[in-house]
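Working notes for the structure below.
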DNA sequence: CTGTTAGCGCGTTCAT
DNA sequence: ATGAACGCGCTAACAG
């Protein structure tokens with residue numbers, strides 16, 4: 001390191017004690033205005049930069065929160081992070097971003113790393129492989145507050161969460177397809193360990209029931225919802241001569257895969273098969289016909305989750321309803337002609 | 001804090017010295033296998049979590065790099081960060097993400113904060129307001145390595161950069177429009193303090209010259225390239241009865257604004273006015289007709305920049321050509337029928 | 001191979 | 001209002 005300008009250096013230069021400098025720099029009311037000014041002036045002159053590492057070590061607080069998401073490049077997550085960062089920044093916190101890449105092992109090592117770095121709290125949207133959340137309990141053991149957003153972990157009941165009303169959104173999406181005259185609707189679902197996919201499945205089933213369409217569990221296909229999964233599942237349906245009218249995918253990637261495969265074998269969309277991809281973000285405009293939401297829920301959820309976390313960090317007791325924040329999505333059902 | 005399990009605690013429990021514990025935990029070769037095992041076992045048993053703050057303070061190294069981008073929610077930047085994070089993680093570094101929101105004042109305070117946090121290096125894509133980069137010189141003064149990606153700062157000449165061949169891409173884009181028979185082509189440009197917008201303008205001019213189309217500087221309109229700017233500039237063109245065949249926008253947002261405005265007044269695109277939006281990412285598929293790049297340049301640039309930075313951090317001397325990495329874009333010119 | 005000692009830079013008691 | 005001294009948790013230097 002280079003900048004050896006510590007509080008001691010500026011103390012010596014001013015012939016005062018370093019503790020006075022410390023107090024002055026922290027705007028303590030036990031220091032004369034004059035010395036404060038002197039210190040600040042000298043500090044600027046020497047190019048002093050506080051060493052937060054040392055300060056944080058001493059105070060046992062890092063003013064840093066850890067954020068764990070499956071993949072930062074997904075638009076939903078990047079906008080959530082954007083909201084988190086904005087809120088955190090305005091409250092004087094730094095943010096460490098980590099991607100689990102949907103792998104539990106990575107998530108585990110990330111959590112340990114965050115604990116080592118003494119983050120003051122953690123925001124997480126768990127990976128598809130996460131189930132019992134044993135690694136998350138380590139946070140509790142170390143008194144590191146935790147808030148889930150979007151994807152929860154069932155095992156940790158008493159943890160605060162911020163989420164979307166997925167069941168309702170899925171219900172509306174399915175209703176939309178039914179309204180278009182579709183009856184045999186395939187549902188691409190994700191790991192049932194994740195709340196979001198369970199909820200979306202619920203909404204799908206509810207819509208079918210209300211429209212007196214028999215629920216056929218063979219039409220629910222679970223996968224990791226990557227584009228490739230969408231392709232393969234669709235191929236399987238076609239190859240097995242299963243007759244379907246539409247696909248309701250629990251995310252946009254798998255829907256895109258389905259559309260691409262269907263087009264590649266000459267099917268007309270939505271004339272022969274309707275496809276809807278559930279997505280929190282307008283990114284799904286690329287699919288056809290697509291379901292998308294009006295507002296930037298990622299941003300909203302990020303802000304909300306971060307605010308909640310910092311309130312917990314500050315020792316505020318949350319009211320029960322605040323521990324389970326659910327955001328109502330407004331949906332747009334749009335026909336794309338891509 | 002809670003988890004008071006330090007190396008001293010486990011040292012006492014084992015009746016050995018804390019320095020031995022430290023060595024064991026760091027897998028030093030100056031410790032018996034037996035004691036290592038004993039220490040590791042005890043550590044796990046007591047739920048020890050290393051305090052990186054203390055370790056980093058002692059070592060004067062944080063294993064953290066700071067990343068500053070205008071906006072994380074832009075697809076280009078989120079994928080760049082994705083690449084950065086991936087590379088950093090694999091090399092044992094953490095990443096602190098910060099958004100300048102295109103504001104110089106925010107960028108300044110971010111840089112100071114990063115210095116305070118003793119990051120080992122900084123990756124930055126500067127804001128639209130950044131010019132002389134005085135705040136970045138503070139990094140140099142503190143021996144904090146710096147690498148630019150995408151958007152440079154002219155004032156800092158000897159700093160490593162990773163960028164796209166913007167001039168070439170813009171040249172091809174303009175050529176594409178000319179090939180379609182367009183002659184009076186408006187160029188939406190950004191602040192000329194930024195290399196990327198200067199380069200894109202260069203490419204535009206070069207294409208005109210090669211095709212013997214006179215360069216009319218009134219057709220170059222500078223703005224901050226937000227969607228609103230695109231709308232307003234287009235409105236101004238129309239309102240002033242300026243005849244144009246096409247618009248080549250230096251980014252996708254302004255292009256979208258232009259398209260929306262043109263459609264709102266009943267113009268046919270691209271029949272009456274062609275619009276192309278320059279973008280590093282396939283996100284521009286939403287515009288029509290659009291120019292987009294095949295590969296994920298954000299990811300590539302992020303990885304490359306991060307790798308470079310960490311090599312500098314490790315004291316490697318870069319060869320001159322490595323200090324100015326330019327990635328050749330492969331372009332797709334695609335007609336969208338949105 | 002292990003123990004002893006001495007800080008890293010800062011904030012917080014005590015004093016005065 | 002200021003100074004002296006200690007310690008946050010860890011690691012590096014030097015013994016032995």
Completion exercise
All conditions in (1) closer than 21 Å to residue B:312 by Cβ; (2) free of Cβ contacts under 8 Å to residues at least 60 places away in the same chain; (3) in contact with a strand residue (DSSP E or B) (Cβ under 7 Å, 6 or more places away or on another chain) are true of residue B:121 except (2)
Handout entry: Filter result (surrounded by fewer than 19 Cβ atoms within 10 Å (Cβ to Cβ) and more than 10 Å from every other protein chain (Cβ to nearest Cβ)) within the range B:60-95
Key = B:90, B:91
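Listed here are the residues, each with its yes/no results for (1) within 14 Å of chain A (Cβ to nearest Cβ); (2) more than 28 Å from residue B:93 (Cβ to Cβ); (3) surrounded by 15 or more Cβ atoms within 10 Å (Cβ to Cβ); (4) modelled with pLDDT under 95.
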residue: B:229; (1), (2), (3), (4): no, yes, yes, no
residue: B:251; (1), (2), (3), (4): no, yes, yes, yes
residue: B:276; (1), (2), (3), (4): no, yes, yes, yes
residue: B:299; (1), (2), (3), (4): yes, no, yes, yes
residue: B:303; (1), (2), (3), (4): yes, no, yes, no
residue: B:325; (1), (2), (3), (4): no, no, yes, yes
residue: B:336; (1), (2), (3), (4): yes, yes, yes, yes
Exercise for the section: Check off (1) touching a residue at least 12 places away in the same chain (Cβ under 8 Å); (2) within 9 Å of chain B (Cβ to nearest Cβ); (3) part of a helix (DSSP H, G or I); (4) out of contact with any strand residue (DSSP E or B) (no Cβ under 6 Å at 6 or more places or on another chain) for residue A:110 and give me the number that stays unchecked. Expected result: (4)
Exercise for the section: Name every residue in the range A:1-44 that is surrounded by fewer than 18 Cβ atoms within 10 Å (Cβ to Cβ), more than 7 Å from DNA strand C (Cβ to nearest atom) and either within 14 Å of chain B (Cβ to nearest Cβ) or within 27 Å of residue B:55 (Cβ to Cβ) (or both), in order of residue number. Expected result: A:2, A:9, A:44
Handout entry: Number of the exception - residue A:47 against (1) at the interface with chain B (Cβ under 9 Å from one of its Cβ atoms); (2) touching a residue at least 12 places away in the same chain (Cβ under 8 Å); (3) surrounded by 18 or more Cβ atoms within 10 Å (Cβ to Cβ)
Key = (3)
Practice task
Would you mind stating whether residue B:186 is farther than 30 Å from residue B:242 by Cβ and either in a loop (DSSP other than H, G, I, E, B) or touching a helix residue (DSSP H, G or I) at 6+ places or on another chain (Cβ under 8 Å) (or both)?
Solution key: no
Practice task
Identify, by number, the condition in (1) over 18 Å from residue B:70 (Cβ atoms); (2) in contact with a strand residue (DSSP E or B) (Cβ under 7 Å, 6 or more places away or on another chain); (3) modelled with pLDDT of 95 or more that residue B:211 doesn't meet.
Solution key: (2)
Completion exercise
Over the range A:64-92, the set of residues within 16 Å of DNA strand C (Cβ to nearest atom) and in contact with a strand residue (DSSP E or B) (Cβ under 6 Å, 6 or more places away or on another chain) is A:64
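The values are calculated or read from the model by the stated rules, or taken from the named source; none is laboratory data. Keep in mind it's a predicted model, so treat the numbers as computed, not measured. Counting neighbours? That spans all protein chains shown, and the Cβs are built from the backbone with ideal geometry, glycine included.
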